[in-house]
Amino acid sequence: MNVKILYLYPDFMSLYGDNANVRILTKMLEDQGFEVEIIERTITDSDISFATADFVYMGSGVESNRNLAAKHLGRFKSGLIEALEKGIPMLFTGNSYDILGKGITTPDAGFVEGLGVFNYSFKEQSEKRYTGDVILSDNTTGDKYVGFVNRAGTPDVEDDLAFDVVKVIGNVPMHKDAARKNNLLGISLIGPVILKNPVIADSFVKIICEQKGKEYQKIEYPHSVRSHDKTLKALMDSEV
């Protein structure tokens, strides 16, 4: 049985090794018995189709790259929204999650239109970056998520944001983070997010198995679990 991963802008939006998320998810799906096909699309493509995608991923990049990707992806907004409404699982990490909102005000007072999935907008500045290790909490499930944030802006409203910020080791002025709708998750964490947070990876695998009509097999990945638990403890024990 085939699973198609639509990987958006792998050349523009993989600044922190975000492509590891695709590799890890591919391995987990193969362990479930799927054959995985990775379809890459970038700004030189004249069409991006979401019609046959079983999973959509977009990572993080420098702001100029993200802005170019946002403008290009906006041309295919209707297809993305249709896939979102159908429940196709999607993951946007780092500053790609910014474009899911209404838009981004750049340091030169320009405005990059977002996809409008959520009501927030981001406002960026050039004097300093907001960086640090963070712990996020999903109050619905009690799950804790760990990772690093490196961004130039903050959201103007937090009504749509799904996770509380439990702790920040750094200068990140965050109280809430991450946005969810149907099976889409956008989150500020950068790099191999699903390696450090196996609950996220496992949830997507379960959704894909269900949508493909395949029985989900519980498979342990102890190195990933230990990495999460060790990082969580270290951050909880750290002084701010």
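The values are calculated or read from the model by the stated rules, or taken from the named source; none is laboratory data. What you are looking at is a predicted structure, and each value in this text was computed from that prediction instead of being measured. In this analysis, Cβ positions are derived from the backbone assuming ideal geometry, glycine residues included, and neighbour counts consider all displayed protein chains. The area values use the complete protein model at the heavy-atom level, side chains included, leaving out ligands, DNA and RNA. Shrake-Rupley method; radii C 1.70, N 1.55, O 1.52, S 1.80 Å.
Considering only 20, 152, 109, give the residue with the highest GNM mean-square fluctuation for the chain, with springs between Cα atoms whenever their separation is below 10 Å.
109
Note down, for the chain, the three equivalent ellipsoid semi-axes (square root of 5 times each alpha carbon gyration tensor eigenvalue), biggest first, whole angstrom.
26, 24, 15
Using 0.36 nm times the number of residues separating residue 181 and residue 40, minus their current alpha carbon distance, what extension gain do you get? Don't jump to the answer; show the numbers that get you there.
Details: separation 141, 0.36 × 141 = 50.76 nm, distance 2.35 nm.
Difference between extended and current length: 48.4 nm.
Keeping the other protein chains in place, figure out the carbon and sulfur percent of the accessible area of the stretch 1-158, with a 1.4 Å probe.
Carbon and sulfur together cover 48 percent of it.
Given 27/233; 144/214; 27/218; 86/212; 206/233, which pairs have Cα atoms separated by over 20 Å?
Those over the limit are 27/233; 144/214; 206/233.
Modelled label-to-label distance, residue 159 and residue 11, 7 Å Cα→beta-carbon offset: nm?
According to this spin-label approximation, the distance is 4.0 nm.
Could you work out which residue, out of 133, 47, 164, moves most in a Gaussian network model of the chain, that is, has the largest mean-square fluctuation with Cα springs under 10 Å?
Looking only at 133, 47, 164, the biggest GNM fluctuation is shown by 47.
How many Å³ per residue does the convex hull of the Cα positions in the stretch 145-240 occupy?
Value for the stretch 145-240: 105 Å³ per residue.
Can you compute the modelled spin-label distance between residue 234 and residue 212, with each label point 7 Å from Cα toward Cβ, in nm?
Placing both labels 7 Å along Cα→Cβ, they lie 3.3 nm apart.
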